[in-house]
Amino acid sequence: DTGVSQDPRHKITKRGQNVTFRCDPISEHNRLYWYRQTLGQGPEFLTYFQNEAQLEKSRLLSDRFSAERPKGSFSTLEIQRTEQGDSAMYLCASSGGQGSDEQYFGPGTRLTVT
Amino acid sequence: EDQVTQSPEALRLQEGESSSLNCSYTVSGLRGLFWYRQDPGKGPEFLFTLYSAGEEKEKERLKATLTKKESFLHITAPKPEDSATYLCAVQALTGGFKTIFGAGTRLFVKA
């Protein structure tokens, strides 16, 4: 296993369009996280899954954001009706230790909304 | 509300000049405190997990310590390759595995 992968690495879209990102976690990990990071800031928690169940979603997240993790494997993050303020790096991480939650991050998807 | 504050925002050191980074946290019962390293354009890389006050972890030139209100990342005799952003994060006992990150400390080590 080579770690967490994300696709695409870069996405440029026009305001108002929908975009979808994919994350493939480390295969034995049961928890998967999505974060958003802007320049000079730390990762901002968006949501996380335990297997296929979405257990928490940030109150900061608008209804335009939705995430899924069918069958507890890969996950997708969709942003509908994108706005310029959505421009950021979207990071995915996975973890799975019993009582230990070090997260392993993917390289991120950089979204630019024009 | 759970919060993480890191200081300083940026730190410039000469090679070999030891220093410490601070992470102050407010959380309703600590499940764990984490340190990560992030290089430009990459995802964060896990360094340490600390669970209880008094705990210490070491790895090469880095040592992390934890009290009931803050954590320190001590860097001994840093090298230019230690230049990166260091991120602190917490999970609360009542928050499941929701993870709150600080804004990070940008470390620059000059040869």
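Just so it is clear, none of the values below were taken in a lab; they were calculated from the coordinates. Note that the structure is a prediction, hence the values are computed from the model and not measured. Here Cβ is always computed from backbone atoms with ideal geometry, including for glycine, and neighbour counts include all displayed protein chains.
Where the centre of each part is set by its Cα atoms, how far does segment A:40-89 sit from segment B:1-58, in angstrom?
24
Can you return the lysines within cross-link range of B:K69? Criterion is Cα-Cα under 26 Å, with same-chain partners fewer than 8 residues away left out.
Partners within reach: B:K57, B:K59, B:K98.
Take every residue in peptide B:101-107, count the Cβ atoms of other chains within 10 Å of its Cβ, and give the average of those counts.
Mean inter-chain Cβ contacts per residue within 10 Å come to 3.
Along its principal axes, what span do the Cα atoms of segment A:33-114 show, with the longest given first and each in whole Å?
Taking max minus min along each principal axis of the Cα atoms, segment A:33-114 gives 42, 26, 21 Å.
If you count, for every residue in A:32-40, the Cβ atoms of partner chains within 10 Å of its Cβ, what is the mean?
2
So, by mean Cβ neighbours within 10 angstrom, what's the order for B:69-75, B:17-23, A:60-66 with the highest one leading?
Highest to lowest by the protection proxy: B:69-75, B:17-23, A:60-66.
What number, in nm² with one decimal, is the all-direction average of the projected area of the convex hull of the alpha-carbon atoms of segment B:1-68?
5.7
Tell me the volume per residue, in Å³, of the convex hull enclosing the alpha carbons of segment A:1-75.
Here the figure is 117 Å³ per residue.
Over all Cα pairs of the protein assembly as shown, how is the pair count split among 5 Å bins, expressed in % and running from 0 up to the last occupied bin?
Histogramming the protein assembly as shown at 5 Å steps yields 1, 7, 15, 19, 18, 17, 12, 7, 3, 1, 0 percent.
Hey, can you grab everything whose amide H is under 5 Å from the amide H of A:R15? Only 5+ residues off in sequence or another chain; H modelled, so Pro and N-termini drop out.
Here the answer is A:T114, since their amide H atoms fall under 5 Å of that of A:R15.
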